[in-house]
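See structure below.
The values are calculated or read from the model by the stated rules, or taken from the named source; none is laboratory data. Quantities reported herein were computed from a predicted structural model and do not represent experimental measurements. With ideal geometry, Cβ positions are generated from the backbone for all residues, glycine too; neighbour counts draw on all protein chains shown. Note: areas computed on protein heavy atoms with side chains; ligands, DNA, RNA excluded. Shrake-Rupley method; radii C 1.70, N 1.55, O 1.52, S 1.80 Å.
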Amino acid sequence: MEDSIDTAMAVFSDQYLSSNDSLLFNITPTHFPRLPPIIDQTISITTIVILFITMVSLGCTMEVPKIKAHILKPKGVAIAVVAQFGVMPLTAFSLAKVLQLGPVEAVVVLICGCCPGGSLSNILALSLKGDMNLSIVMTTCSTVLALGMMPLLLYLYCQGFSNLESAVPYAGITLALVMTLFPCGIGILINYYRPQYSKTITKVGLSLLLMATVVIGLLAGMTIGGMDLTLTLLSPPLMATAALMPLIGYTFGYVLSYLFKLNGSGRRTISMETGCQNIQLCSTILKVAFPPDVIGPLYLFPMIYIVFQVGEALLLIVLFRVHRRFFKTPKTEKQVYEAVDGNQIHISSV
């Protein structure tokens with residue numbers, strides 16, 4: 001674990017950034033003050049550790065037979081991938097244009113919009129009686145496809161902004177994405193050989209994520225200064241972006257899957273998967289791949305995003321539960337059990 005953290009820190013060190021021509025920024029450093037070295041390193045290590053633990057937890061939810069079953073019938077996964085890498089990046093680009101975000105803010109929002117789905121979407125899909133197999137497979141596929149799709153989408157959408165063509169650290173982002181596959185693979189192996197530990201690891205990972213979010217926020221608030229933090233993160237354009245992005249993702253994910261005639265559980269699953277981004281990956285990329293005087297407190301934007309992401313999802317869950325309780329529909333979903341292999345059972349809804 002310590003070796004992995006040391007490697008990550010070396011990859012994203014200042015020497016590496018300054019020596020790599022692809023990471024030269026033509027965004028002029030802003031007024032953001034540099035964090036004290038100890039605090040800056042503490043936050044960087046914390047974000048990397050939490051990303052590592054989160055991706056191990058994500059891997060613990062993945063089962064090879066379920067992945068194979070959806071690959072053989074890829075309709076749901078194909079729709080989900082189109083929604084993930086079509087709807088969210090376009091939403092981020094459109095909001096950055098409409099709300100006239102500055103160069104740094106636009107890059108931050110684009111990176112957030114191009115991130116793959118996160119493990120939180122699995123919990124939200126479960127709360128909505130979604131198709132858990134589809135949810136887990138979609139998260140898996142989007143994480144793997146992000147290796148190519150995320151740098152490509154960032155390159156394409158940055159063409160729509162002046163002076164942003166070389167402002168994105170593509171090499172650093174690609175390395176961060178590659179690094180996520182290693183802990184994810186560890187989680188898959190744990191789930192395969194020691195499945196009795198998977199649920200515990202997943203719960204611990206989510207608990208540590210919540211605690212780390214609070215700790216990082218407090219450290220940043222104390223060192224950057226409350227006024228700078230408030231003026232930057234809580235500005236109306238950024239708050240509007242954080243509120244609208246997940247809502248648009250939930251809505252268009254549901255509409256797209258409805259148009260392709262997926263069942264109710266599939267529509268709800270793709271809705272959650274589309275609107276939920278991997279904010280742990282986003283925070284880590286923003287913190288370790290950008291110079292502190294360029295990114296400032298904006299690496300905390302994903303934490304603002306997750307507040308709206310979870311809040312809006314909880315509202316949808318409440319509405320869904322109320323609807324199921326008080327309004328009877330002529331067609332009710334029933335679970336169908338389909339054999340995947342000799343030991344696995346696939347549960348779907350029709």
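What the table below lists for this structure:
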| quantity | calculated |
| --- | --- |
| Filter pass, Thr180 being buried (at least 24 other Cβ atoms within 10 Å of the Cβ), in a helix (DSSP H, G or I), at pLDDT below 80 and not charged (D, E, K, R) | yes |
| Pick from the stretch 280-323, criterion charged (D, E, K, R) and surrounded by 14 or more Cβ atoms within 10 Å (Cβ to Cβ), ranking: modelled with the highest pLDDT | Glu312 |
| Selection status of Val98, among the β-branched types (Val, Ile, Thr), farther than 28 Å from Thr202 by Cα and over 18 Å from the mean Cα position of the chain (by Cα) | yes |
| Failed item in (1) surrounded by 13 or more Cβ atoms within 10 Å (Cβ to Cβ); (2) under 26 Å from Met303 (Cα atoms); (3) at pLDDT below 75, with Cys60 passing the rest | (3) |
| Residue list for the stretch 231-287, restricted to those being within 22 Å of Leu99 (Cα to Cα) and outside any helix (DSSP H, G or I) | Leu234, Ser235, Cys276, Gln277 |
| Residue, most open to solvent (accessible area, probe 1.4 Å), within the stretch 136-163, restricted to residues that are hydroxyl-bearing (Ser, Thr, Tyr), farther than 14 Å from Asn278 by Cβ and not in a loop (DSSP other than H, G, I, E, B) | Tyr155 |
| Condition check for Ser162: polar (S, T, N, Q) and within 16 Å of Lys97 (Cα to Cα) | yes |
| Where a residue in the stretch 274-285 is closer than 12 Å to Leu247 by Cα and its partner, wherever it lies, is of a type in the set (A, V, I, L, M), with Cβ under 6 Å and at least six apart | Thr274/Ala83; Thr274/Val87; Cys276/Leu120 |
| The stretch 234-278 - residue that is open to solvent by less than 10 Å² (accessible area, probe 1.4 Å) and among the aliphatic types (A, V, I, L, M) and, of those, nearest to Glu105 (Cα to Cα) | Leu238 |
| Per-region count, the stretch 324-348, residues small (Gly, Ala, Ser) and either modelled with pLDDT of 50 or more or surrounded by 10 or more Cβ atoms within 10 Å (Cβ to Cβ) (or both) | 2 |
| Hey, Pro103 in contact (Cβ under 8 Å) with a residue 40 or more places away in the chain and crowded, with 24+ Cβ neighbours inside 10 Å or not | no |
| Tabulated pairs, the stretch 191-210, first touching a residue at least 40 places away in the same chain (Cβ under 8 Å) and under 16 Å from Met55 (Cβ atoms), second open to solvent by 80 Å² or more (accessible area, probe 1.4 Å) and assigned to a helix (DSSP H, G or I), C-beta under 9 angstrom, 6+ apart or interchain | Asn191/Tyr197 |
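Conditions (1) at pLDDT 70 or above; (2) in contact with a His (Cβ under 6 Å, 6 or more places away or on another chain); (3) crowded, with 20+ Cβ neighbours inside 10 Å, marked per residue:
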{"site": "Ile27", "(1), (2), (3)": "no, no, no"}
{"site": "Thr47", "(1), (2), (3)": "yes, no, yes"}
{"site": "Gly76", "(1), (2), (3)": "yes, no, yes"}
{"site": "Val82", "(1), (2), (3)": "yes, no, no"}
{"site": "Pro89", "(1), (2), (3)": "yes, no, yes"}
